[in-house]
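Take a look at the structure below.
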Amino acid sequence: MFIDTHAHLTSREFDADRGEVIRRARDAGVTLIVNPGTDLEDSRRAVELAQKEEGMYACVGVHPHEAAGAGDEALRAIEDLCTARRVVAIGEIGLDFHYDLSPRDEQERAFAAQLGIAARNDLPVVIHTREATEETVRLVREAVAAYPRWRTAAASPGGRFPAPKGVFHCFPGTPALAWELAGLGFAVSLPGIVTFKNPGSALDVAREVSAEHLLLETDSPYLAPVPHRGTRNEPARLPIIAQKIAEAQHLSVEDIARTTAYGAYRLFGIGSPGAPSIVYRLRNSLYINLTIRCNADCVFCDRKGEAVIKGHNLRIEREPEAAEVIAAIGDPAAFDEIVFCGYGEPTIRLEAMKEVASWVKAHGGRTRLNTDGHGNVINKRNIVPELAGCIDAVSISLNSTDPVQYGELMRLDGSRFFPAMVEFAREAVRLLPRVTMTIVDLNEVDRERARRFVEEEIGATFYTRPFF
Ligand SMILES: [Zn+2]
């Protein structure tokens, strides 16, 4: 299921066949469509369409091109309209210094006013920015500072993600700027430009920014993807764009569809978060969610927040028996790897893990354990010899080479657990075929020192994973 988060189906270009276009979208798996407004009249049409057609949602707002015509009265009407049924955001709003169809001071006035409307009504925003990123980000930062409670109710309590406040549609910036915006609670979306021969920075963003911070859009009727470039675009073409982004992310198109659908759910409240799963697929690997319990409480972990990975809800209410997991796996040889991961620490359920892993090995599959390396402390014995033969690869969270910092990041006694983790890693290198150690990409962690420690002192493979 795909969500087109930006399609102007209220555009005149769809007057002749709007219903057909929506049906074709559904047939292509694009089940939900968000239609932004460009001025007051278009916003009214967007609301009307959304209230009439299943799967359609509206944003209301004044586009920077129309800013000069949007006086106090029009902005008051937008604010009145934003509480209508099926309105999910204020948009599209922003700054366009490329066309300059409205004077820049008028654009800034309308943009700031509508950020205020969104914040006061606790709605997210859909932002258009062109050749004005610096000014756009400045006004966004000002709104975030002026309204500290904006959208905080939409974020999960205890979650590590910032409150979801909006999306920069047709994002023209660099991956670095996209990451900066992610830290403020803003996603970016990429239209068919990613399929163009000259995609500008869009393909870099598709490659380098976590899928959690990306949304899908067609920007219909504009920006039709290759091979339809130059024709009227429509939401049914969204899977072409998703495919390109999936390739850039080294994910399957299902992974991108699910992850971005969850992103749209978080931001707009449309669709559903999905039921908790005990096994979940990413690329061609199958992940096993044995437990959501953990002996650590890492500052960067979202276990106590949403506990969602690439759109998979991992918040299980009951820990599965080994037999249930085995039944859910099906044919283990059909996957690249069967990975014990989850948001909890798998070695807390050592016996169940060993039973499932042995079954996987007996049926031609390969296994991996993602662990904090505290399994020996948790089980009060050296468990590594028990893993030999049923676990092919192990990935250990190193987090830091400094025991004090290690303890702070994982919120436990570093002087006790750091040496235990190192001992586990040394045993794993001795007894298991493949050992990887990872750190989270945090400014305060010394990456180079961690790499040397892993490669030279432990003899494992080093890997860095993004903060969020
Ligand atoms: Zn648009």
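The values are calculated or read from the model by the stated rules, or taken from the named source; none is laboratory data. Predicted, not measured: the structure shown is a model, and the values here were computed from it. Cβ coordinates were reconstructed from backbone atoms using ideal geometry, including for glycine residues, and neighbour counts include every protein chain displayed. Just so you know, the surface numbers come from the protein's heavy atoms only, side chains and all, with ligands and any DNA or RNA stripped out. Shrake-Rupley method; radii C 1.70, N 1.55, O 1.52, S 1.80 Å.
Criterion first (open to solvent by 10 Å² or more (accessible area, probe 1.4 Å), at pLDDT 95 or above and closer than 30 Å to Pro273 by Cβ) does Leu75 satisfy it?
no
Can you tell me which residue in the range 207-232 is most open to solvent (accessible area, probe 1.4 Å), limited to those that are hydrophobic (A, V, I, L, M, F, W, C) and either within 16 Å of the ligand (Cβ to nearest atom) or not in a loop (DSSP other than H, G, I, E, B) (or both)?
Leu223
Is it true that Val339 is farther than 28 Å from Trp359 by Cβ, more than 17 Å from the chain's Cα centre (by Cα) and not hydroxyl-bearing (Ser, Thr, Tyr)?
Against the criterion (farther than 28 Å from Trp359 by Cβ, more than 17 Å from the chain's Cα centre (by Cα) and not hydroxyl-bearing (Ser, Thr, Tyr)), Val339 does not qualify.
Conditions tested, residue by residue: (1) among the hydroxyl-bearing types (Ser, Thr, Tyr); (2) touching a Pro at 6+ places or on another chain (Cβ under 9 Å); (3) part of a helix (DSSP H, G or I).
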position	(1), (2), (3)
Thr38	yes, no, no
Glu41	no, no, yes
Gln51	no, no, yes
Val62	no, no, no
Glu73	no, no, yes
Ala77	no, no, yes
Val88	no, yes, no
Gly94	no, yes, no
Tyr99	yes, yes, no
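Mind listing whichever residues of the range 123-152 are free of Cβ contacts under 8 Å to residues at least 24 places away in the same chain and buried (at least 17 other Cβ atoms within 10 Å of the Cβ)?
none
Lys380 is checked against (1) on the phi > 0 side of the Ramachandran plot; (2) in contact with a strand residue (DSSP E or B) (Cβ under 8 Å, 6 or more places away or on another chain) and fails just one. What number does that condition carry?
Exception for Lys380: condition (2).
For the structure I just gave you, tell me whether Val88 is surrounded by 22 or more Cβ atoms within 10 Å (Cβ to Cβ), within 16 Å of the ligand (Cβ to nearest atom) and within 18 Å of the chain's Cα centre (by Cα).
Judged against the criteria, Val88 is not a match.
Take Ala236 and tell me if it is in contact with an Asp or Glu (Cβ under 8 Å, 6 or more places away or on another chain), more than 13 Å from the ligand (Cβ to nearest atom), open to solvent by less than 20 Å² (accessible area, probe 1.4 Å) and not hydroxyl-bearing (Ser, Thr, Tyr).
Spelling it out, it is not the case that Ala236 is in contact with an Asp or Glu (Cβ under 8 Å, 6 or more places away or on another chain), more than 13 Å from the ligand (Cβ to nearest atom), open to solvent by less than 20 Å² (accessible area, probe 1.4 Å) and not hydroxyl-bearing (Ser, Thr, Tyr).
Can you name the number of the only condition in (1) open to solvent by less than 30 Å² (accessible area, probe 1.4 Å); (2) farther than 25 Å from Leu40 by Cβ; (3) at pLDDT 95 or above that Ala155 fails?
(3)
Give the residue, chosen from Ile22, Ile3, that is at negative phi, assigned to a strand (DSSP E or B) and in contact with a Leu (Cβ under 9 Å, 6 or more places away or on another chain).
Exactly one residue qualifies, and that residue is Ile3.
Might you check whether a residue that is surrounded by fewer than 18 Cβ atoms within 10 Å (Cβ to Cβ) and within 16 Å of the ligand (Cβ to nearest atom) occurs anywhere in the range 101-108?
The answer is yes; a qualifying residue exists.
Which of the residues spanning the range 248-281 are open to solvent by less than 20 Å² (accessible area, probe 1.4 Å), in contact with a Lys or Arg (Cβ under 6 Å, 6 or more places away or on another chain) and within 22 Å of Ile316 (Cα to Cα)?
Of everything in the range 248-281, those that are open to solvent by less than 20 Å² (accessible area, probe 1.4 Å), in contact with a Lys or Arg (Cβ under 6 Å, 6 or more places away or on another chain) and within 22 Å of Ile316 (Cα to Cα) turn out to be Asp255, Thr259.
Check Ala70 against each of (1) buried (at least 20 other Cβ atoms within 10 Å of the Cβ); (2) modelled with pLDDT of 95 or more and name the one condition it does not meet.
(2)
For the range 22-39, which residues satisfy the criterion of being open to solvent by less than 40 Å² (accessible area, probe 1.4 Å) and within 16 Å of the ligand (Cβ to nearest atom)?
Ile33, Val34, Asn35, Pro36, Gly37, Thr38
What strands (runs of 3 or more DSSP E) lie completely within the range 361-468 and have 3 or more residues being surrounded by 19 or more Cβ atoms within 10 Å (Cβ to Cβ)?
By residue number, 367-371, 393-397, 434-440.
With respect to Leu9, is the statement that it is in a loop (DSSP other than H, G, I, E, B) and either within 16 Å of the ligand (Cβ to nearest atom) or not basic (Lys, Arg) (or both) true?
Criteria met by Leu9.
Would you confirm whether any residue within the range 418-441 is under 31 Å from the mean Cα position of the chain (by Cα), of a type in the set (A, V, I, L, M) and at pLDDT below 95?
Looking for residues that are under 31 Å from the mean Cα position of the chain (by Cα), of a type in the set (A, V, I, L, M) and at pLDDT below 95, one finds at least one in the range 418-441, hence yes.
Spot the failing condition for Val188; the list is (1) open to solvent by 30 Å² or more (accessible area, probe 1.4 Å); (2) among the aliphatic types (A, V, I, L, M); (3) within 16 Å of the ligand (Cβ to nearest atom), and only one is missed.
Looking at each condition in turn, Val188 falls short on (1).
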